[in-house]
Amino acid sequence: MKKRKITILSIIFILFFNICHAESIQEEITKIEKEADNYKFTLENTEPQQYKNIISYELYLLWDNELNSLWKRLFKEVNTTEKKKLLIQQKEWINRKKENIKIAGQPYEGGSIQSLVCNIRAMEMTKARVYILAKYLAHIRKESFIISNETKEWIDYEDPSLDNVFELFEGCWKIYEKTGNYICIERSNMSFYGVEGSNWTLWISDGIVLSDLDIYSYTKDSIIFKVSNKDKNIFYQLSVNIDYSMVLVFGNSLEDFDRNNAIFSYDFKENSKKLEKFIEKSNY
């Protein structure tokens with residue numbers, strides 16, 4: 001009987017010890033950051049492009065595995081209503097991530113560096129999402145989770161809100177000198193052509209009207225609209241290039257954008273200083 005009592009006390013002590021020393025979400029993310037730093041060091045000191053591509057993919061997988069781990073735990077601990085919200089948000093984020101990766105790789109299509117650029121973009125998007133889910137899970141568990149101001153700015157840059165991207169383009173721009181046509185990206189409640197129920201409206205004086213209700217996806221420097229018309233889909237992409245030109249193109253599919261026949265192309269570097277923080281900057 002005495003031996004059994006000691007055994008039970010030992011089990012209780014072990015359980016108590018493990019609970020007291022359980023790793024917090026903050027500690028977990030700190031460990032991932034340290035592992036990521038090792039990958040970055042290797043990446044910066046590797047020369048053959050093939051190896052850079054492999055290492056950058058492994059760096060992406062590090063954050064992707066953490067994202068999946070957080071998602072499984074979070075999904076178990078939230079109620080049914082929150083699960084539905086999470087699923088919608090995650091689906092939207094996955095679509096956004098796919099578009100970000102595709103657009104990041106387009107300028108390097110066919111080149112050996114394309115994989116590296118796509119892997120880094122995937123990593124950046126995934127890392128930003130990890131921090132968002134980690135904070136949510138820590139909140140549910142009533143744990144402290146601190147995100148520095150620098151990291152917050154980085155997250156906003158890598159995975160901005162739709163409002164932030166619309167603000168990038170906000171304004172009225174004269175696109176054809178001869179005809180005097182304008183394109184305007186305005187808050188719907190301040191726009192003469194504002195679409196009911198929307199927050200943002202894009203209109204061109206020759207008749208095209210789009211809004212955030214038509215959003216298919218977006219990246220930190222582009223917005224894709226999808227409009228159904230007589231059983232056909234028309235896609236529009238509003239984007240900023242690295243030369244600060246604003247471009248609107250259209251097509252019947254996402255692979256059918258004719259960039260040589262844009263609806264308009266406008267250089268507004270002098271008109272919008274806030275463009276600078278959205279221009280892609282890569283350290284790799």
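A few remarks follow.
- Residue check for residue 174: farther than 22 Å from residue 215 by Cβ, over 18 Å from the mean Cα position of the chain (by Cα) and modelled with pLDDT under 95: yes
- Restricting segment 23-59 to residues that are free of Cβ contacts under 8 Å to residues at least 40 places away in the same chain and aliphatic (A, V, I, L, M) leaves a set whose member that is least open to solvent (accessible area, probe 1.4 Å) is 55.
- Selected residue (criterion: least open to solvent (accessible area, probe 1.4 Å)) from residues of segment 156-173 that are part of a loop (DSSP other than H, G, I, E, B) and charged (D, E, K, R): 159
- Taking the listed residues 143, 153, the one that is surrounded by fewer than 16 Cβ atoms within 10 Å (Cβ to Cβ) and either touching a Gly at 6+ places or on another chain (Cβ under 8 Å) or in a helix (DSSP H, G or I) (or both) is 153, with no other qualifying.
- Screening the candidates 114, 90, 106 for the property of being open to solvent by less than 60 Å² (accessible area, probe 1.4 Å) and closer than 20 Å to residue 218 by Cα yields one hit, 90.
- Every listed requirement among (1) part of a loop (DSSP other than H, G, I, E, B); (2) open to solvent by 80 Å² or more (accessible area, probe 1.4 Å) is met by residue 85 save one, (1).
The values are calculated or read from the model by the stated rules, or taken from the named source; none is laboratory data. The structure displayed is predicted, hence computed values, not measured ones. Because the Cβ atoms are built from the backbone with ideal geometry, glycine has one as well, and the counts that use them run over all protein chains shown. We work out accessible area using only protein heavy atoms, side chains counted, and drop any ligands, DNA or RNA first. Shrake-Rupley method; radii C 1.70, N 1.55, O 1.52, S 1.80 Å.
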